[in-house]
Every structure is written in structure tokens, then in C-alpha cells.
Amino acid sequence: EVRLVESGGVVVQPGGSLRLSCATSGFTFDDYTMHWVRQAPGKGLEWVSFITWDGDATFYADSVKGRFAISRDISKNSLYLEMNSLTIEDTAFYYCAKVRVQMTTIDAFDFWGQGTLVTVSS
Amino acid sequence: IQLTQSPSSLSASVGDRVTITCRASQGIKNYLAWLQLKPGKAPKSLIYAASILQSGVPSKFSGSGSGTEFTLTIDSLQPEDFATYYCQQYNSYPLTFGGGTKVEIK
């Protein structure tokens, strides 16, 4: 059974930093591109970032470029999102998601985690 | 690529058939997915490639379209189907989502 479990969401002050984690199981982690997607309270979904199965390529939404960094640890089957210079606009549920097909740079998602809430507030 | 969903919300009764539309600002072939979101639960992927059901998704869900116009149809609505539905394109980065359609009980 595929499982994605996010953690690390807390209340943080504007300008602060945070690291989110996504622990995975049930599939060969290093075969799949992984993504972060967020949803601000009462708003729609916004794609944040991806990292390829081999970690060789990453890409970011303009809204987080230069402030967020995605990474993965194959030995721990885990995905991470390092978040810096946080603003109120970064308040959201953050979801990790797995793509359907192995070793593809772009594809539909098939599994998602339940999300972790990041609140940026003074 | 902008995705415009309509309607933004709808009220329906158990047993109804509903249709949601998603329009892309440029052609995306069939690189469109449909998602279901419920509060406090993991998003669920329903359909990919515009019309192919994800494994385990019941056949009451169906999708169609290509290019710029897509639809999601849900047959015989049940209580567990009341949720918010999003379309999402994966033709190119940045990935984008429609604004969502909230399906509520009438």
C-alpha cells in the first residue's frame, strides 16, 4: 500500500524558516518524481515544486523560487521542503504527491499525503 | 496555462448526475487530471489523461475532452461524492489547477 505522510507544519513568524518532511512507503521511492502542492485556507490548489526521481532536476513556482528548496533522501524514502523567508501568503496545507509513471519528469499524480498545516503569523 | 472550471459550486441531490467543465487557455492535448478533495483527507486522484480512471475509482466517474475543453461527469451522486473537484493540467510546467467546483447536497 502506497503511503505518503507529511510532517513539520507549525506556526512560524514572518521571515522565519521551516522544513517539511514527507515519509513514503509502499513503492520504490527512487523511481518516481515527487511534488509539493499547497492549499491556502479557503483557496484553491497551487503547485509548489518538483524533484526528479534521481534528484538531478528541481523546479519551483515563481511564488516560492529563491526561498524554498526541495530535496529527497533515498536512504530514508523521504521528501523534504526547506522553506525560508516565509510570508503570510505561505500559510497553507502542504501536500506531497507522487506521479504515476516511473522515471518521468512530468505526469499525473496518483497518490497524495493528507497534508501538514503551515501557519505564518506574528 | 490557465484552467477555468465551471460552475464554481453546484447543489445536487443523491442520485443526480452532475457535469463539471474545465477549459484550458491553450491546447493541452489530453494531459488533464481530475481530483477530489474533502476536508481533512488526502486529495484523491480520480482521472488522468482526460478520461482514464485511476485504479480503484468507481466507473460512476467519467471524463472526456481534449485540447482545451474537458468535462467530468459523476453519475448517481452518493453522500460520499459531495466534495470539491479540481481539474489539473500536466502538459507543461508550472502545473496548474482549476479554481475548483464544490458539489453540495441540495
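Bear in mind that the values in this text are calculations on the coordinates, not laboratory data. Just so it is clear, the model here is predicted, and its values are computed rather than measured. Heads up, the Cβs are rebuilt from the backbone with ideal geometry, glycines too, and the neighbour counts pull from every protein chain shown.
Which ones in region A:16-51 are closer than 27 Å to B:Lys102 by Cα, in a strand (DSSP E or B) and of a type outside the set (A, V, I, L, M, F, W, C)? Listed by number, the residues that qualify are A:His35, A:Arg38, A:Gln39, A:Glu46, A:Ser49. Can you pull out the residues in region B:8-48 that are surrounded by fewer than 21 Cβ atoms within 10 Å (Cβ to Cβ), within 12 Å of the chain's Cα centre (by Cα) and either under 11 Å from B:Gly98 (Cα atoms) or among the basic types (Lys, Arg) (or both)? Matches in region B:8-48: B:Ser8, B:Thr21, B:Arg23, B:Lys44. Taken over region A:30-68, the criterion of being under 14 Å from A:Asp107 (Cβ atoms), of a type in the set (S, T, N, Q) and touching a strand residue (DSSP E or B) at 6+ places or on another chain (Cβ under 7 Å) is satisfied by A:Thr33 alone. Within the set A:Asp56, A:Asp90, the sole residue that is more than 29 Å from B:Ser55 (Cα to Cα), surrounded by 18 or more Cβ atoms within 10 Å (Cβ to Cβ) and of a type outside the set (A, V, I, L, M, F, W, C) turns out to be A:Asp90. Applying the set (1) touching a residue at least 12 places away in the same chain (Cβ under 8 Å); (2) more than 13 Å from the chain's Cα centre (by Cα); (3) at the interface with chain B (Cβ under 8 Å from one of its Cβ atoms) to A:His35 leaves exactly one unmet item: (2).
Among the residues making up region B:65-106, those that are farther than 26 Å from A:Asp62 by Cβ, in contact (Cβ under 8 Å) with a residue 60 or more places away in the chain and out of contact with any Ser or Thr (no Cβ under 9 Å at 6 or more places or on another chain) are B:Ser76, B:Gln78, B:Pro79. Residues in region B:73-106 that are closer than 16 Å to B:Ser8 by Cα and within 14 Å of chain A (Cβ to nearest Cβ): 12 in all. Can we say B:Ser55 is assigned to a loop (DSSP other than H, G, I, E, B) and within 30 Å of A:Thr52 (Cβ to Cβ)? The answer is yes for B:Ser55.
Residue-wise test of (1) among the aliphatic types (A, V, I, L, M); (2) in contact (Cβ under 8 Å) with a residue 40 or more places away in the chain; (3) within 14 Å of chain A (Cβ to nearest Cβ).
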| site | (1), (2), (3) |
| --- | --- |
| B:Pro7 | no, yes, no |
| B:Ser13 | no, yes, no |
| B:Arg17 | no, yes, no |
| B:Ala24 | yes, yes, no |
| B:Ile28 | yes, yes, yes |
| B:Leu35 | yes, yes, yes |
| B:Lys38 | no, yes, yes |
| B:Ala42 | yes, no, yes |
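Just the residues that are away from chain B (no Cβ under 11 Å) and either crowded, with 18+ Cβ neighbours inside 10 Å or within 18 Å of A:Met103 (Cα to Cα) (or both), please, taken from region A:59-74. Listed by number, the residues that qualify are A:Phe68, A:Ile70, A:Ser71, A:Arg72, A:Asp73, A:Ile74.
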